[in-house]
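Step one of this worksheet: look at the structure below.
The values are calculated or read from the model by the stated rules, or taken from the named source; none is laboratory data. Since the model is a prediction, treat every value here as computed from it, not as a measurement. Virtual Cβ from ideal backbone geometry, glycine too; neighbours counted across all protein chains shown. Just so you know, the surface numbers come from the protein's heavy atoms only, side chains and all, with ligands and any DNA or RNA stripped out. Shrake-Rupley method; radii C 1.70, N 1.55, O 1.52, S 1.80 Å.
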Amino acid sequence: MSMTTTAGTSIREQLPAAIYRLEKVTRVYPQKNRRIQALGGVDVEIREGDFVTIQGPTGGGKSTLLQLLGALDRPTSGVVKLGETDLATATNTQLGLVRAREVGFVFQGFNLIPTLTAYENVDMGLEPLGLTAAQRREKVTEALAQVGLADRADHRPGELSGGQQQRVAIARAIAKRPRVLLADEPTGNLDEHMRDEILTLLEGLNRDGLTLIVVTHDSAVARRAHRRLRLEKGSVREL
Ligand code: ADP
Ligand code: MG
């Protein structure tokens, strides 16, 4: 399945550029006695500025796909282009740079460091970028303001609600000003009220131009997306 068809270039030119182009992507996990095929030939194109959700049953390959998009893993075969870079064949150094600069990750469990303040947790995400202290301070302050937590910079995760903790994690992911935000079940640990708060925040970031790719079980999340994909038994289809 692909967004690109035989449509004329006049139509193509009006659409935003593709940020990701995946072709025949497979990922096989070799096990002792068998091979687990998590992805069985995924073809998909995602456009700059889009808000895409990926739904599907547990074990369907959603997290595997997100890891490939985030340069955390390589496919067994196929092409995973982010812009002009094929993440399947890029060097480890190139993958590291993509993770540091271009991709922000948000997880269900927030993954904050409990002993660090909100400010310090966000600052950690900037470590690989080699910025000056002043540049880091500016980016951390801006990111905390973007998620509405400027006044909580000195709080540790244990002093914040679940929704606030996820907002810190989102600030950490966006502080580097990535091209794309990848989120794996970002509202999975939150009650309905906090889920809506996070969704509203994500929608605002998307309106400001950030491409969003969100894995979710929650159809309330998917309803807010511009485009819904379903990943089942390693294959993607459009919903
Ligand atoms: P989802 O996120 O949709 O639940 P996953 O991508 O986590 O799906 O998993 C897809 C399939 O790949 C499952 O069968 C899972 O058990 C398997 N799998 C995922 N990660 C690994 C791994 N690191 N090693 C072996 N098998 C894995
Ligand atoms: Mg998963």
Practice item. Determine, yes or no, whether Glu203 is of a type outside the set (A, V, I, L, M), open to solvent by 60 Å² or more (accessible area, probe 1.4 Å) and either without any contact (Cβ under 8 Å) to a residue 12 or more places away in the chain or touching a Phe, Trp or Tyr at 6+ places or on another chain (Cβ under 8 Å) (or both). Key: no
Review point. Across region 23-34, which residue is modelled with the highest pLDDT among those that are within 12 Å of ligand 1 (Cβ to nearest atom) and open to solvent by 60 Å² or more (accessible area, probe 1.4 Å)?
Key: Tyr29
Review point. Is one or more of the residues making up region 211-226 of a type outside the set (Val, Ile, Thr), within 20 Å of Leu69 (Cα to Cα), surrounded by fewer than 20 Cβ atoms within 10 Å (Cβ to Cβ) and in contact with a Gly (Cβ under 8 Å, 6 or more places away or on another chain)?
Key: yes
Exercise for review: Using the structure shown, decide if Val98 is in contact with a Pro (Cβ under 6 Å, 6 or more places away or on another chain) and either closer than 19 Å to Ala175 by Cβ or in a helix (DSSP H, G or I) (or both).
Suggested key: no
Check your understanding: Out of Gly148, Gly188, Gly209, which single residue is farther than 29 Å from Ile36 by Cβ, touching a residue at least 60 places away in the same chain (Cβ under 8 Å), part of a loop (DSSP other than H, G, I, E, B) and out of contact with any strand residue (DSSP E or B) (no Cβ under 8 Å at 6 or more places or on another chain)?
Key -> Gly209
Check your understanding: Of (1) surrounded by fewer than 18 Cβ atoms within 10 Å (Cβ to Cβ); (2) more than 26 Å from Ala17 (Cα to Cα), Thr85 satisfies all except one. Which?
Key -> (2)
Practice item. Evaluate region 7-17: report whether one residue or more is assigned to a strand (DSSP E or B), at pLDDT below 95 and either more than 16 Å from ligand 1 (Cβ to nearest atom) or not acidic (Asp, Glu) (or both). Key: no
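If I filter region 71-86 down to residues being without any contact (Cβ under 8 Å) to a residue 60 or more places away in the chain, of a type outside the set (A, V, I, L, M) and not in a loop (DSSP other than H, G, I, E, B), which single residue comes out as farthest from ligand 1 (Cβ to nearest atom)?
Filtering region 71-86 for residues that are without any contact (Cβ under 8 Å) to a residue 60 or more places away in the chain, of a type outside the set (A, V, I, L, M) and not in a loop (DSSP other than H, G, I, E, B), the one farthest from ligand 1 (Cβ to nearest atom) comes out as Thr85.
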Check your understanding: part of a strand (DSSP E or B) and within 16 Å of ligand 2 (Cβ to nearest atom), is that true of Phe105?
Key -> yes
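Pro157 - would you say it is over 20 Å from the mean Cα position of the chain (by Cα) and open to solvent by less than 70 Å² (accessible area, probe 1.4 Å)? Lay out the reasoning, then the answer.
On the way: over 20 Å from the mean Cα position of the chain (by Cα): yes; open to solvent by less than 70 Å² (accessible area, probe 1.4 Å): yes.
For Pro157, the condition - over 20 Å from the mean Cα position of the chain (by Cα) and open to solvent by less than 70 Å² (accessible area, probe 1.4 Å) - is met.
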Practice item. Out of Val122, Val103, report the one residue that is in contact with a Gly (Cβ under 7 Å, 6 or more places away or on another chain) and open to solvent by less than 10 Å² (accessible area, probe 1.4 Å). Key: Val103
Practice item. Exactly one condition in (1) touching a helix residue (DSSP H, G or I) at 6+ places or on another chain (Cβ under 9 Å); (2) within 16 Å of ligand 2 (Cβ to nearest atom); (3) not in a strand (DSSP E or B) is not met by Ala222; state its number. Key: (1)
Exercise for review: Filter region 35-70 down to residues that are in contact with a Gly (Cβ under 8 Å, 6 or more places away or on another chain) and small (Gly, Ala, Ser) and give me whichever is farthest from ligand 1 (Cβ to nearest atom).
Suggested key: Gly49
